[in-house]
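Student: First the structure, then my questions, so here it is.
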């Protein structure tokens, strides 16, 4: 199966010609749903496409088409080459958009920027109660990748440990372990999740958090009840 012509699509998507932009959308729509990840999303030599990032960011903020804006956000994340314009465009979008799929795509892109998207972490965590599951787990994952959790935002991140979805709980535990100063209150919550959570990913991420923080706080951590 031929690989997706990302270079051509990005060039058309960022063109000043709306007909070329429509052609890019048709190319994207024609990609089979069952195509391998490596064929569909892997972009060889993304640095060569860095010149398109300012236009992708501009279109994300200004274009009238939700589909165009979503693909611009997707490519900003796939390219992984941040700029001040792209971080700002993604932040503005997650604050102002009402479309959960667009928000989730922007969150994905910010996570791919790592520490370069540190300024966006407060914006991300203020969406932690979003009703859409994909938005919430992507937020937890993005914060896990970015770090730089401000003390005033620790409570928002901690609340994700109570999320009904295991993927959110797991990534929240990972983010707390990496980026937050240990506390007894959160340690107790992590211990409970580690012993009681029915999902293995959530349980083991909480276990790693509890084990590390118990040692740091000189608290006994009883592994009895841990799921194998």
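Quick note: the coordinates plus some simple rules give every number you see, no bench work behind them. Computed from a predicted model, the values in this text were never measured in an experiment. FYI the Cβ positions are ideal-geometry reconstructions off the backbone, even for glycines, and counts take in every protein chain you see.
Student: Where a ≥ b ≥ c are the square roots of the eigenvalues of the C-alpha gyration tensor, would you call segment 153-219 rounded, which needs a/c under 1.5, or, failing that, prolate if a/b is larger than b/c, or oblate?
Tutor: Numbers: a/c = 1.80, a/b = 1.24, b/c = 1.45.
Oblate shape, in that a/c is at least 1.5 and b/c is the bigger or equal ratio.
Student: Output the 0 to 90 degree angle, nearest 10, between the alpha-carbon long axis of helix 100-113 and the longest principal axis computed from the alpha carbons of the chain.
Tutor: Tilt of helix 100-113: around 80 degrees.
Student: Under the rule a/c < 1.5 gives rounded, and otherwise a/b versus b/c splits prolate from oblate, where does segment 94-228 land using the Cα gyration tensor?
Tutor: It is prolate, given that a/c is not under 1.5 and a/b is the larger ratio.
Student: Take residue 47 and residue 184, extend 7 Å from each Cα along the Cα→Cβ direction, and tell me the distance between the two endpoints in nm.
Tutor: For the pair residue 47/residue 184, the computed spacing is 5.1 nm.
Student: With a cut-off of 18 Å, note down the residues of segment 154-189 whose backbone N falls inside the zone around a label point 7 Å from the Cα of residue 204 toward its beta carbon.
Tutor: Residues 166-178 qualify, since their backbone N sits under 18 Å from the label point.
Student: Hey, can you rank 169-179, 95-105 by average C-beta count inside 10 Å, highest first?
Tutor: Final packing ranking: 169-179, 95-105.
Student: Here is a follow-up. Expressed as an acute angle from 0 to 90° and rounded to the nearest 10, what is the orientation of the C-alpha long axis of helix 200-216 relative to the principal long axis of the chain?
Tutor: 60
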